[in-house]
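Participant: Shown below is the structure under consideration.
Quick note: the coordinates plus some simple rules give every number you see, no bench work behind them. No experiment lies behind these values; they were computed from the predicted model shown. Neighbour counts are summed over all protein chains in view; Cβ atoms, including those assigned to glycine, are modelled from backbone coordinates with ideal geometry.
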Amino acid sequence: MFKSKFEKLENYLKNKKVLITAHDSVDLDAFVSCFLFKLLLKSRFENEISIFFSKLSNLTKDFIGIFNEKFPNFVLSFNENKEFPEVDVIFILDTNNLEQVEIPDKKRVIGSQIPFIFIDHHIEQNRNYTQNITSLNIINNNITSTSEIILELCEYFGFELELPHKFLLVAGILSDTGHLKYANNNTIQNLSKLLLDERLDLQDVVSSLEFEEDISEKIARLKGLQRLNLMRVKDWLIGITHVGSFESSLATLLINIGCDISIVYSHKKLKNRITMRGKRSTCHETGLNLGKLLEEVSTKHGISGGGHECAASLNGEMNSRDIVEEIKDKIKQILNK
């Protein structure tokens, strides 16, 4: 799918120092993608290649612990230094929005001449960043995880995947598709390629992604349910509530218990967050695309936002209650067509 881009990328990268990073609060798909991308580049170039993560999500941290026990000889190391290394190019994975990226001395780095390239599966933001080499971006929102883009890169360059690599990729794909809830035919084909290795047990990977909720998440979800307001449009139910944290977890829960669309927002001192989820059947039937909807809202208000057809979010300094009212109006217009 990206053959010409892969060729250009290979020519561009010769003799360049590379930094690989991702969005803040790195989820498992971003984590896996960065590590496999680094291994791929190291197999083809003698360049200096490093990874920087600002913060890992709790799920990612828990998964690393399980993975390290299973594959003790496979080292997952990354840079947590506060000083920015000297590099020639930055690869930003699993987002194409700089507002979602946290790196040391961000203002200076973004204001310098260091170019960056996006590898991502979210809706393209088209922010016209001057340092972005758009001709080398690899972005396709029809792909359900960035891990699958990295898999395609590995296949193109003939990078031989070992068992730990396959385990990581399957975990990244399962995690970002909600255990296949948001998968498509290509997702299944990509998983099938990886699972042809008889040493790899799908249920073994699935169990590595099952974690007991901590008490703070349980409390947040229960409080969110207590505050739930329902809006009915024709035969669709939209659930709206607010919490201080764990917005994504609660938004998914609302879909699981009967809402067709969920909106969960927070109002904090600095940045607020609005998270949305939708049933796939509702999005398909109505033409509702949450990623596009929130990308439009984010552009209008100068905040960070976007996502996928059935899962999206907004982040930034905003009056979350007012923005939620605007989102509700847009949803009503779409559902009433």
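Participant: Say a site is exposed when it is one of the chymotrypsin sites (Phe, Trp or Tyr not before Pro), sits in a DSSP loop, and has at most 15 other Cβ atoms within 10 Å; what is then the longest site-free stretch of the chain? Spell out each step's value before the answer.
Facilitator: Numbers: sites that count: F45, F74, F157, F211.
In the chain, the maximal stretch lacking such sites is 212-337.
Participant: Where is the GNM fluctuation largest for the chain (alpha-carbon springs, 10 angstrom cutoff): P164, P85, P72?
Facilitator: Greatest mean-square fluctuation among the candidates belongs to P72.
Participant: Rule-of-thumb check for the chain: C-alpha Rg over 2.2 N^0.38 Å?
Facilitator: For the chain, the normalised Cα radius of gyration is 0.99.
Participant: Of L202, S147, I119, which is farthest along the charge dipole of the range 3-208 in the positive direction, counting Lys and Arg as +1 and Asp and Glu as -1 at C-beta?
Facilitator: I119
Participant: Expressed in nm to one decimal, what extension gain is obtained for the pair K292 and E155 from 0.36 nm per residue of sequence separation less their Cα-Cα distance?
Facilitator: Between K292 and E155, full extension yields an extra 46.3 nm.
Participant: Related question: Using 1/(1 + (r/R0)^6) with R0 = 30 angstrom and r between the beta carbons of K330 and Y129, what's the FRET efficiency to the nearest 0.05? Present the calculation step by step, with values, prior to reporting the outcome.
Facilitator: On the way: r = 27 Å, r/R0 = 0.89.
Approximately 0.65, to the nearest 0.05.
Participant: Here's something else I'd like to know. With a cut-off of at most 12 other beta carbons within 10 Å, and DSSP calling the residue loop, which GluC sites (Glu not before Pro) in the range 1-81 qualify? Please list them.
Facilitator: Numbers: sites: E7, E10, E46, E48, E69, E80; in loops: E46, E48, E80.
Listed in order of number, the matching sites are E46, E80.
Participant: So, one more: Pick out, in residue order, every one of the trypsin sites (Lys or Arg not before Pro) in the range 1-97 that is DSSP loop and has at most 12 other C-beta atoms within 10 Å; say none if there are none.
Facilitator: Working: sites: K3, K5, K8, K14, K16, K17, K38, K42, R44, K55, K61, K70, K82; in loops: K14, K16, K17, K55, K82.
Qualifying residues, ordered by number: K14, K55, K82.
Participant: A further question follows. Over the chain, what relative contact order in percent results from Cα pairs under 8 Å that are six or more residues apart?
Facilitator: 12 percent
Participant: Treating the angle as unsigned and between 0 and 90°, give the value, to the nearest 10°, between the Cα long axis of helix 28-44 and the longest Cα principal axis of the chain.
Facilitator: Between helix and principal axis, roughly 20 degrees.
Participant: So how far, in whole Å, is the C-alpha centre of the range 310-327 from the one of the range 7-56?
Facilitator: 31 Å
Participant: Output wanted: per-residue J couplings in Hz (rounded whole) for the range 295-306, from phi through Karplus 6.51 cos²θ - 1.76 cosθ + 1.60, θ = phi - 60°, x for Gly and Pro.
Facilitator: With the stated coefficients, the range 295-306 comes to 5, 5, 5, 5, 5, 5, 9, x, 10, 9, x, x Hz.
Participant: Report the residue, chosen from L250, L168, L76, that carries the largest GNM mean-square fluctuation when the chain is represented by alpha-carbon nodes joined by springs under 10 Å.
Facilitator: Result: L76 has the largest fluctuation of those listed.
Participant: Summarise the long-distance tail of P(r) for the range 280-337 by giving the % of C-alpha pairs beyond 17 Å.
Facilitator: The calculated P(r) of the range 280-337 puts 34 percent of pairs beyond 17 Å.
Participant: Can you tell me the dipole magnitude for the chain around its Cα centre, using point charges on the Cβ only (Lys, Arg +1; Asp, Glu -1), in Debye to the nearest 20?
Facilitator: On the way: 41 positive and 46 negative charges, 221 e Å.
My answer is approximately 1060 debye.
Participant: Can you tell me which of K279, K271, K234 moves the most in a GNM of the chain? Springs connect C-alpha atoms under 10 Å apart.
Facilitator: In this elastic network of the chain, the residue with the biggest mean-square fluctuation among K279, K271, K234 is K234.
Participant: Now, a different point. Extending each Cα 7 Å along its Cβ direction at K337 and I110, get the distance between those two points in nm, one decimal.
Facilitator: 3.3 nm
Participant: Another question, then. Hey, for a label at N73 modelled as a point 7 Å past Cα toward Cβ, could you say which residues of the range 190-204 have their backbone N under 20 Å away?
Facilitator: Residues 197-201 fall inside that zone.
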